[in-house]
Amino acid sequence: MTSMTRRRLLGAAAALPFAGRAFAQDLPLTPACGPQAALTPRQTEGPYYTPDTPQRASLVEPGSKADRLTLTGRVVSPQCRPVVKALVDVWHCDENGAYDNAGFRYRGHLFTDAEGRFRLETVFPALYPGRARHIHVKVQAPGRRVLTTQLYFPGDARDFLWRPELTVAMERRTQARLAAFQFIVDA
Ligand code: FE
């Protein structure tokens, strides 16, 4: 990863209100754009995607005591150009490992800003039997093909779908977790 890319990614993390200097310095890097860039790998959608999710920046349910997770990052081209107004559609299981297949708990989408950044507040999904802990994501640059994939967390049990290049950079502050990931898409 180039220092420029690193600064950009860390810049996204620095936008977090409670992310100080230590967080930015400690944050490991996720896959880099640039001359050797590989596109973010596609993965199976799984059985639990629901279309037409609400647009929102927080999936936290009112009154929820579940551990919080802030997922932040960027969507960029392989040449490191930020992808503006990219769709980022997220779904994951709750703190007990259950998906809401009737409504939209822990489902929602947002769009990247003028620098290709996004930031979503949610809860830390449970690790449920048979899978590595994961978050499902669809990312779509305007007018381009949808990238369906999954993100993983460092330090957890792995499974047959787990891939290192889909692992977020993460730091934990007491009950709050901060995660960052850079999507590299054709744009
Ligand atoms: Fe899943």
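The values are calculated or read from the model by the stated rules, or taken from the named source; none is laboratory data. Every value quoted in this text rests on a predicted model; they were computed, and no experiment measured them. Glycine also receives a Cβ, built like all others from the backbone with ideal geometry; neighbour counts cover every protein chain displayed.
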statement: Flagged in segment 123-147 as within 12 Å of the ligand (Cβ to nearest atom) and either hydroxyl-bearing (Ser, Thr, Tyr) or in contact with a Ser or Thr (Cβ under 7 Å, 6 or more places away or on another chain) (or both), in numbering order, are TYR128, VAL137
- request: With the condition kept exactly as written, say whether any residue in segment 117-139 is farther than 25 Å from GLU61 by Cβ, surrounded by 14 or more Cβ atoms within 10 Å (Cβ to Cβ), of a type in the set (D, E, K, R) and modelled with pLDDT of 95 or more.
  value: no
- prompt: Out of all the residues in segment 43-62, which are assigned to a loop (DSSP other than H, G, I, E, B), more than 16 Å from the ligand (Cβ to nearest atom) and under 14 Å from ARG119 (Cβ atoms)?
  reply: ARG56, ALA57, VAL60
task: Confirm whether THR40 is within 16 Å of the ligand (Cβ to nearest atom) and at pLDDT 95 or above.
output: no
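Looking at GLY108, GLY103 in this structure, which one is at pLDDT 95 or above and surrounded by fewer than 15 Cβ atoms within 10 Å (Cβ to Cβ)?
Working: GLY108 fails: surrounded by fewer than 15 Cβ atoms within 10 Å (Cβ to Cβ).
Within the list GLY108, GLY103, the selection yields GLY103.
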message: Give me the residue from segment 86-97 that is part of a loop (DSSP other than H, G, I, E, B) and either away from the ligand (no atom under 11 Å from the Cβ) or of a type in the set (Ser, Thr, Tyr) (or both) and, out of that set, farthest from the chain's Cα centre (by Cα).
response: ASN96
Among residues of segment 150-184, those that are surrounded by fewer than 20 Cβ atoms within 10 Å (Cβ to Cβ) and closer than 21 Å to GLN55 by Cβ, counted: 0
- request: Within segment 152-187, count every residue that is in a loop (DSSP other than H, G, I, E, B), touching a residue at least 12 places away in the same chain (Cβ under 8 Å) and hydrophobic (A, V, I, L, M, F, W, C).
  value: 7
query: Quick check, is LEU120 away from the ligand (no atom under 13 Å from the Cβ) and within 15 Å of the chain's Cα centre (by Cα)?
result: yes
